[in-house]
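J.: After the structure tokens below, expect a handful of questions from me.
The values are calculated or read from the model by the stated rules, or taken from the named source; none is laboratory data. Just so we're clear, the structure is a prediction, and the values are computed from it rather than from any experiment. Here the Cβ positions follow ideal geometry from the backbone for every residue, glycine too, while neighbour counts run over all protein chains shown.
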Amino acid sequence: MANLRAANRPKEIVDAADAYDALAPRYENLLSDNPVIAHSARVSLELVSRAMADAEFLLEIGSGIGRETLELAARGKRIVACDPSQESLRLLQDRAARQGLNNRIETRAIPASGLRELVDEFGAHAFDGSFSSFALSYEPSLGTVPEDVWTLLRPGAPFFCSIFNRLCFAELATGAPFLVPRRGFGRLVGKVSLSIDQLAVRARAYTTREVLDAFRRRFTLAGVWGMPAIVPPHYLHRLLTASGGLRTAWEGLDRRLNSRWPFSLLGSHTGWLFVSRLQID
Ligand SMILES: C[S@@+](CC[C@H](N)C(=O)[O-])C[C@H]1O[C@@H](n2cnc3c(N)ncnc32)[C@H](O)[C@@H]1O
């Protein structure tokens, strides 16, 4: 299969910001070319929209070209969108201007590990909600992220993030660790190189325990979703395409199962909804 050969081909490993700078002009093509990415993106937008429904001033971490920021700004939210990829942010600003949304969106070229800078600029507990879709795994560790997000959020505010998961049911069920060892086995040991177009970047895969331990001091858990839960990982998207007319049913079943244990904890990414604690225990 051509996409298995492509997934197994070694690629040059670069910084995530450089890889996304190069990909930015074609980022939207991923959604039209790959049905698994398109499905995950739709599910993510639904979950983020629901989680941020009551929040007005938002912080997005790892916004890319603004797939979700632009949608939420169009619904009346004000957003500070952060990403280390300057080219992605330039495109986000262009798109915001074309849609007449630039008065609702500000961008900052910082990674998740640089969020502390925003406390000096916006003040502590300034944001009503925050989200980070498919981005935090590019940090070498979750490190200071929970503390910094907590400091930026008002007490009781939601934080939704999707993080690359260590155990993926669909990957194991399709035999991916043997078909694409670089991806499948890498995930199981927690360090993986992810293809970003013609390049590759290092990323971390987290266990449930690691994520909960990182966030528990500052946040309570309010929901967990597999993203996707039973649809195969995006580099095996031809399996979904080959299912023909069953694809819609497969995606529908994925949505029904994605919040149910054990599927909620066995997706390719896990969507975590946290709520900022009022004070330290
Ligand atoms: C898969 S894209 C997701 C973009 C967007 N959230 C979405 O869902 O369409 C990952 C994004 O994370 C950004 N990124 C890379 N390293 C990061 C880091 N250390 N902190 C925050 N974002 C990072 C990339 O530049 C890229 O825009």
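J.: Could you tell me which numbered condition Tyr235 fails, if it satisfies all but one of (1) in a helix (DSSP H, G or I); (2) surrounded by fewer than 16 Cβ atoms within 10 Å (Cβ to Cβ)?
T.: Result: Tyr235 fails condition (2) only.
J.: Another question, then. So, of the residues in segment 189-243 that are more than 17 Å from Gly267 (Cβ to Cβ) and without any contact (Cβ under 8 Å) to a residue 60 or more places away in the chain, which turns out to be nearest to the ligand (Cβ to nearest atom)?
T.: Result: Lys191.
J.: Checking the conditions here, which among Glu71, Glu87, Glu56 is within 11 Å of the ligand (Cβ to nearest atom) and either among the β-branched types (Val, Ile, Thr) or in contact (Cβ under 8 Å) with a residue 40 or more places away in the chain (or both)?
T.: Of the residues listed, the single one that is within 11 Å of the ligand (Cβ to nearest atom) and either among the β-branched types (Val, Ile, Thr) or in contact (Cβ under 8 Å) with a residue 40 or more places away in the chain (or both) is Glu87.
J.: So, of the residues in segment 2-35 that are of a type in the set (A, V, I, L, M) and closer than 30 Å to Gly244 by Cβ, which turns out to be modelled with the lowest pLDDT?
T.: Residue satisfying both the conditions and the ranking: Ala2.
J.: Enumerate the helices (runs of 4 or more DSSP H) found wholly within segment 13-94, keeping only those where 3 or more residues are buried (at least 16 other Cβ atoms within 10 Å of the Cβ).
T.: Filter on segment 13-94 gives 16-23, 35-51, 67-74.
J.: Do we find a residue being surrounded by 18 or more Cβ atoms within 10 Å (Cβ to Cβ) and over 29 Å from Pro155 (Cβ atoms) anywhere in segment 240-248?
T.: Looking through segment 240-248, at least one residue is surrounded by 18 or more Cβ atoms within 10 Å (Cβ to Cβ) and over 29 Å from Pro155 (Cβ atoms).
J.: Can you pull out the residues in segment 111-137 that are within 16 Å of Ala53 (Cα to Cα), more than 8 Å from the ligand (Cβ to nearest atom) and surrounded by 20 or more Cβ atoms within 10 Å (Cβ to Cβ)?
T.: Listed by number, the residues that qualify are Phe127, Gly129, Ser130, Phe131.
J.: Which condition does Ala229 not pass, out of (1) at pLDDT 95 or above; (2) touching a Phe, Trp or Tyr at 6+ places or on another chain (Cβ under 7 Å); (3) of a type outside the set (Lys, Arg); (4) surrounded by 20 or more Cβ atoms within 10 Å (Cβ to Cβ), if it passes all the others?
T.: (1)
J.: Continuing with the same structure: Can you confirm whether Thr144 is over 17 Å from the mean Cα position of the chain (by Cα), within 12 Å of the ligand (Cβ to nearest atom), closer than 19 Å to Cys161 by Cα and in contact (Cβ under 8 Å) with a residue 24 or more places away in the chain?
T.: Judged against the criteria, Thr144 is a match.
J.: Could you grab me the full set of residues in segment 154-181 that are over 16 Å from the mean Cα position of the chain (by Cα), buried (at least 19 other Cβ atoms within 10 Å of the Cβ) and closer than 28 Å to Asp15 by Cβ?
T.: Glu171, Ala176, Val180
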